[in-house]
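Here the structure comes first, spelled out in structure tokens, and everything after it is commentary.
The values are calculated or read from the model by the stated rules, or taken from the named source; none is laboratory data. None of the values given here were measured: they were computed from a predicted structure. Cβ atoms come from the backbone with ideal geometry, glycine included; neighbour counts cover every protein chain shown. Please note that ligands, DNA and RNA were not included when accessible areas were found on the heavy atoms of the full protein model with its side chains. Shrake-Rupley method; radii C 1.70, N 1.55, O 1.52, S 1.80 Å.
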Amino acid sequence: MRTWASWKPFGIGERKPNNYLELWKAFRAVKGNRRYAWRLLTQGTCDGCALGTKGMRDWTMDEVHLCNIRLRLLPLNTAPALDPALLADVSTLPAKSAQLRELGRLPHPMIRRAGDPGFTRISWDEALDTIAPRLNGNIGVYLTSRGVPNENYFAAQKAVRALGSNSVDNAARICHSPSTVALKQAIGAAATTCSYTDWIGSDLIVFIGSNPSNNQPVAMKYLYHAKKAGTKVAMVNAYREPGMQKYWVPSNVESAVFGTKITDHFFPVNIGGDIGFLNGVLKHLIENDWLDKTFIADRTKDFEEARAAVESQSWEELEALSGATKADMYELARLLGEAKSAVLVWSMGVTQHTYGEDNVRAIVNLALARGFLGRDHCGLMPIRGHSGVQGGAEMGAYATGLPGGLPITEEHTRRFAELWGFDLPLAPGLTATDMIDAAHAGDLDVLVSSGGNFLEVLPDPAYCREALERVGLRVHVDIVVSSQMLVPGETVILLPAQTRYEMEGGVTETSTERRIIFSPEVKGPRVGEAWPEWKIFTELAARARPELADKLRYGGTAEIRRDIERAVPFYDGIAKLAKFGDNVQYGGRHLPFGTATFAAVGLPSLHRPDGTFLVATRRGKQFNSMVHERVDGFNGATREAVLMSPYDADRLGLPDGTEVELTTSSGSLVGKVLRAPLTPGNIQVHWPEGNVLLDKARRSPDAKIPDYNAFATLTRHG
């Protein structure tokens, strides 16, 4: 009873998502394909978030898992083919991807040339023979995390490198690339150090810029069990997320009826104030001697540099940057200092800043100071939002890294040249944002986008649209139509892809906890002439470089897994995965590490101009940029909401519903005020709508992740 959120049965009258209504909506949405939908749920590995499942179960607890995100993806995975005639004149089509998805699956290759009103159907041979000869120029290849399995990522990056380019990148660049950089420097590996089971029974879990109630709903069941085991939960965030205050887990009777209190301690900070707060916590740990001195001495280096950095930072500086008090910093330091075990979890609230790498380094410092690595109920966890992200970078679909996360050096390229039988380029490739810049400058000949939607993902959509228009040949590989496909150009080709459930021989994904999970082909209807993406990329490269064709083509996904195992030694065991439920967790429950490295983290220069607000982009009822509902069940916010603190709203005389305009140097956005539990001086708007406010030039120095935050002035509209 101590963990109950409410005495009201099923939280009647409480503001929260109706999970059972979601189940009913999903049932209705797959009318005509319900048997197939059921097989996807029970026989497949979820293509939603990166928690990873075997059907509706996982390896953390013996209970059923079924989250709203996965249910909302069912209509996409079971949709019938669209009528190609619908694309004959794209001027008649809706502009939003959410409506375009309702047209159905892409069934055939299609082409649109300059001056054409829309697309016409072509054969696969005509499509491939049109694209292949043009792949000898400046190319860019981007793969999203839309359920993309390891096999597709691996084959795609190998094909691109056979073409003589490293310009292949994936969605990991846009979400957790700062984690990759910082973790490699600190522990030598870009992955979580622990497992989900370490949540349950840990003394403390700290969420920093992370909201699993929205983005990884299955994780809320882990938190239910953690709370029952006595785990305390702390949250560091600009917004007191309602779903992290209390949550009703639909598949657990007690939680479904009475709800579960989640967060015990909330620490409000400014958007971008994480380093100030975390450095203050480290400063308190040092001053109060709450350190694991044995761990620091035996397992780490450069502690004195980190100590000197925070000692040189005054409490006034730390408070001003963080928006928090010295007392708040002390309280989290005390919780960490008294805890015998803790897991630190973060996500894009930490990474999507120009100083995202330092944000992560500041988190790592806390774990190292307390020795929270390498043992049960402890660890660092950059929780992934999408099922394909962890594997994408590890497969080498990364402009700045080879398979296994190896840097692009002469030694490493020589190793892969010997393995694959062709030379690899040494010049760094274009990252996702570099591709758009090159396209805008007229320096990109071909852009291949597998899934994704630059118009709805990157800052400054108008700039992205201009960039897309200037590419000589654009190739969009996807299962449905998206808004970026409709941008005119010299030549635009659409290639229909298979879902992971349709791929003969099955495929694999890598979850947040480093678990490589087999997802078998699921019997059901098939759409038109859709191909697996691994075949699309290798066939394009084989036609562009016919002398390498026999080194690029695969006979099936099992052959790709054997190639992965040879290329990435820590993926040992992937070649043996062949049936439902098969999995292997590389590194084991706790990722091995040698000597961990502290970082001296300086304070970023974050001077807010007078009269402006710090604005962050947030997620509502959506998955990635796929908006499912206009209203967020957790807080009642519509897509037009401008969330601000009651203090700021009262100070400016802005009742809820007042139309206001946010303006930055990049653009403006009109929305409606909604009071929310935010740190004063901070505002949140929905993503991707808020991308018009973002400065496309603001990126982190190492990872090149865009900054999804801005300074904005606020005025009444009209």
Would you mind checking segment 321-355 for residues with the amide N under 17 Å from a putative spin-label position 7 Å along Cα→C-beta of ASP376?
340-343
Residues in segment 252-277 reached by a label modelled at SER665 [backbone nitrogen below 19 Å; 7 Å Cα→Cβ]
272
Contact order normalised by residue count of the chain, Cα under 8 Å, 6+ apart, percent
21
Using 7 Å Cα-to-Cβ label points, what is the ILE111/ALA320 separation (nm, one decimal)?
6.2
Leaving out ligands and nucleic acids, and using a 1.4 Å probe, what accessible area per residue does the chain come to in Å²?
35
If we sort 680-686, 636-642, 528-534 on the protection proxy, mean other Cβ atoms within 10 Å, highest first, what's the order?
680-686, 528-534, 636-642
Please turn the phi angles of segment 591-602 into ³J(HN,Hα) values with the Karplus equation 6.51 cos²θ - 1.76 cosθ + 1.60 (θ = phi - 60°), one per residue in order, whole Hz, x for glycine and proline.
5, x, 8, x, 9, 7, 10, 6, 10, 7, 9, x
Percent antiparallel among DSSP beta bridges confined to segment 394-507, rounded to 5, stands at 15
Counting DSSP beta bridges with both partners in the chain, what percentage is antiparallel, nearest 5?
45
Once every DSSP H run of n ≥ 4 in the chain is given -39500 (n - 2.57) and the sum is divided by its residues, what mean residue ellipticity at 222 nm do you get, rounded to the nearest 500 deg cm²/dmol?
-9000 deg cm²/dmol
Non-local amide H neighbours of ALA81 (under 5 Å, H modeled in plane, Pro and chain starts lacking H): which ones?
ARG105
Cα lying deepest toward the dipole's positive end in the chain, options GLY556, ILE275, MET435, charges on Cβ
GLY556
Ordering 82-92, 450-460, 59-69 by per-residue average of other C-beta atoms within 10 angstrom, highest first, gives 450-460, 59-69, 82-92
Expressed as cubic angstrom per residue, what is the convex hull volume of the alpha carbon set of the chain?
147
At a 1.4 Å probe, what is the % contribution of carbon and sulfur to the accessible area of the chain?
51
Loop-located trypsin sites (Lys or Arg not before Pro) in segment 1-50, at most 10 other Cβ atoms within 10 Å (DSSP)
ARG2, LYS31
Taking the Cα centre of the chain as origin, sum charge times position over the Cβ atoms of Lys and Arg (+1) and Asp and Glu (-1), and report the length of that vector in debye to the nearest 20.
2120
What is the packing order of peptides 130-139, 151-160, 112-121, 49-58, taking the mean over residues of other C-beta atoms within 10 Å and listing the highest first?
151-160, 49-58, 130-139, 112-121
By how many nm would the segment from ALA462 to ARG240 grow when fully extended, if each residue of separation counts as 0.36 nm and the alpha-carbon distance is taken off?
76.7 nm
Provide the gained length on full extension for the span VAL631 to GLU547, in nm with one decimal, where the gain is 0.36 nm per separating residue minus the Cα-Cα distance.
24.8 nm
Taking a ≥ b ≥ c as the square roots of the eigenvalues of the Cα gyration tensor of segment 264-375, is the shape rounded (a/c under 1.5), prolate (a/b larger than b/c) or oblate?
rounded
